[in-house]
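Accompanying notes for the structure given below.
What follows draws every value from the coordinates through simple rules; no lab data is involved. Everything numeric in this text was worked out from a predicted model, so none of it was measured. With ideal geometry, Cβ positions are generated from the backbone for all residues, glycine too; neighbour counts draw on all protein chains shown.
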């Protein structure tokens, strides 16, 4: 059937609402073309975007966990952990770095749910002995100029966590100064640093309680299945 | 040689877009993204440029299809076209200009909410040939960018005492030194300017200034 016969067929049809039907068909064709082109572009860019996101994540991780600390494929050695201490209802990835098969470093991606403008996504790297290798902010929506000094591109505030651990400083000092702790708040913004300090502290608590589970390999996980 | 007559409509389009019918200052369209990201000059420039690109492409496409769509369904079709363009731009930028995407990424979904874009599609592009529609998109976008950058610079200077901070996000590492401190060393910053109320007050002042200039021209 060619276009001409289709057109004559259409003309012969006895339809009361021909213009409305025509409008519907045209709208439908645009919907198909629009979603189709988005689909095609998505298909063409999907792999590249996934690759870039992986590289960006790896870059962020290597600023916290220098490559000499581990010799495995850290991004592939991942375990998904769900815990209220990590600030989310859904399982969060934990990347494990091992040196000569021995646990070396764990990179958590906890969420600080109580930021001023919603959740703050963090990257928290902890050495196997419980010392913090470092903390970075992955994504946040804090007020520019007020809460955004938590971002390492805006200030060095987040770098002070490196080297700290669960009992250094003592549990009562894991707070912003305004609450009697050791960490500076920002002028005009207490809620943001308070949320970050709390999230880092809770991640350390989780690590202390579940260290063996964090570094568990796929093999030992299977062994522990009931 | 381009004659005066062929150029005349384009000059009018340029003047309308940049001044007489400025989308932000006269039509008051696109206020949601305008007020949300105009806290620094660089953020403003980023959103402005992304909006301009979208406007040029959507105006061009709408003008090309304008004679083939029934008027009853033209608005949903414009919305479809604009949403598809913005999503495609977002995906392409993420894949090929990732550095720029990490800066502008949050603004791009905001562009869909900018009613200036569907406004130009309906008011201009659907009634004019492609070349003029594209020129209209370009100048309306530049006018919007101009208003945004003025507002962003104003808020940044009053709010933090300096301007052009973090220019490296848009212009690469060479721009790291562009930041200029315009206020005295001990200036503490006036936070209200950076917060949302500062955007409304600032925009009001800029509109007042524009009306003042227009008034002088008339008398």
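Some values worked out for this structure:
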quantity	calculated
Relative contact order (percent, whole number), chain B, Cα cutoff 8 Å, 6+ residue spacing	32 percent
Along each principal axis, Cα extent of chain A, largest first, Å	86, 50, 35
Value of relative contact order over the range B:103-195, rounded to a whole percent, pairs C-alpha under 8 Å and six or more apart	23 percent
D_trans [Stokes-Einstein, Kirkwood Rh over alpha-carbon pairs] for the range B:79-151, 10 °C, 1.306 mPa s, µm² s⁻¹	118 µm²/s
Neighbour-count order for A:9, A:95, fewest beta carbons within 10 angstrom listed first	A:9, A:95
Fewest-first ranking of A:80, A:10, A:174, using other Cβ atoms within 10 Å as the exposure measure	A:80, A:10, A:174
Residue with peak Gaussian network fluctuation, chain A [Cα springs, cutoff 10 Å], from A:18, A:154, A:173	A:18
Spatial separation of Cα centroids for the range A:87-163 and the range B:1-72, in angstrom	41 Å
Cα-based convex hull volume of the range B:82-219 per residue, rounded to whole Å³	166 Å³
Cα gyration tensor shape of the range B:17-61, rounded if a/c is under 1.5, else prolate or oblate by comparing a/b with b/c	oblate
Max mean-square fluctuation residue, GNM over chain B, Cα-Cα springs under 10 Å, options B:192, B:151, B:138	B:192
Hull shadow area, averaged, the range B:164-219 [alpha-carbon convex hull, nm²]	6.2 nm²
Volume of the Cα convex hull of the protein assembly as shown, divided per residue and given in Å³	252 Å³
Overall form of the range A:65-119 per C-alpha gyration tensor (a/c, 1.5; a/b vs b/c)	prolate
Cα-Cα P(r), the range B:15-150, percent of pairs per 5 Å interval	2, 12, 22, 24, 20, 13, 6, 2, 0
Kirkwood-based Rg to Rh ratio, the range A:87-195, C-alpha trace	0.98
0 to 90° range, to nearest 10: angle between helix A:191-214 axis and chain A longest Cα axis	80 degrees
Chain B: angle of helix B:130-160 to the longest principal axis, Cα-based, in degrees nearest 10	10 degrees
Residues A:62, B:51 arranged by fewest to most Cβ contacts within 10 Å	A:62, B:51
Anisotropy class of the range A:136-194 from Cα gyration tensor, a/c 1.5 cut	oblate
Between 0 and 90°, nearest 10: helix B:41-65 axis offset from chain B longest Cα axis	0 degrees
